[in-house]
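The values are calculated or read from the model by the stated rules, or taken from the named source; none is laboratory data. Please read all numbers here as calculations on a predicted model, not as lab measurements. For neighbour counting, all protein chains shown are included, and Cβ atoms are generated from backbone atoms with ideal geometry for every residue, glycine included.
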Ligand SMILES: *[C@@H]1O[C@H](CO)[C@@H](O)[C@H](O)[C@H]1NC(C)=O
């Protein structure tokens, strides 16, 4: 190899290095995105959650409203990801609703929560609390004023005072596509003006 050819070769190699780094960073980014962020098709997510929640743990007690919700889920072939109760204490709570996961029709998934609950008194004010765990680690917790909780949404449901008596609610929320893959456990509860808990919901799903 002559000297001239050698120096041309090394110049080409030097020029290639930044390109190689850019390619490596690009591939790494794509790899990380696919590994941690890109979700499967909605059907795959639903199937994974069917397996997750589908096998009911042996329970000591099933209340009769819970039986009604179970047959509702079964009839509609819904994928359950959570329940809503009138108390956060497992031993005494009564089932007042259920949460399901379903395709959002745009390549992602959404949650839908059904609640049929009877309020004993008019609720004039309250607080909505929420805690989220991601892969069993505390991720997020916050609280909001109940009466203005969903005032900015088109499908607003909560208008205070909430009258005593039966309320049938249905609420949908898109699961943001940018959430990393993993297991999400949420717990939410609502207190009224007397600071009594009037509803408690839990969900557990995997993306
Ligand atoms: C919830 O309430 C709606 C409307 O009142 C009723 O049609 C439905 O059967 C109830 N669902 C359950 C599981 O109780």
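Here is how the numbers come out for the structure above:
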item: Some residue of segment 62-75 being loosely packed, with under 13 Cβ neighbours inside 10 Å, at pLDDT below 95 and in a loop (DSSP other than H, G, I, E, B); result: yes
item: Criterion violated by residue 59 - all others in (1) modelled with pLDDT under 95; (2) over 28 Å from residue 192 (Cα atoms); (3) within 16 Å of the ligand (Cβ to nearest atom) satisfied; result: (3)
item: Failed condition for residue 108, given (1) within 19 Å of residue 186 (Cα to Cα); (2) under 20 Å from the mean Cα position of the chain (by Cα); (3) in contact (Cβ under 8 Å) with a residue 40 or more places away in the chain; result: (1)
item: Tally of residues being buried (at least 16 other Cβ atoms within 10 Å of the Cβ), away from the ligand (no atom under 16 Å from the Cβ) and over 15 Å from the mean Cα position of the chain (by Cα) across segment 111-128; result: 4
item: Qualifying residue in segment 83-101 (condition: more than 16 Å from the ligand (Cβ to nearest atom), touching a strand residue (DSSP E or B) at 6+ places or on another chain (Cβ under 8 Å), modelled with pLDDT of 95 or more and part of a strand (DSSP E or B)); result: yes
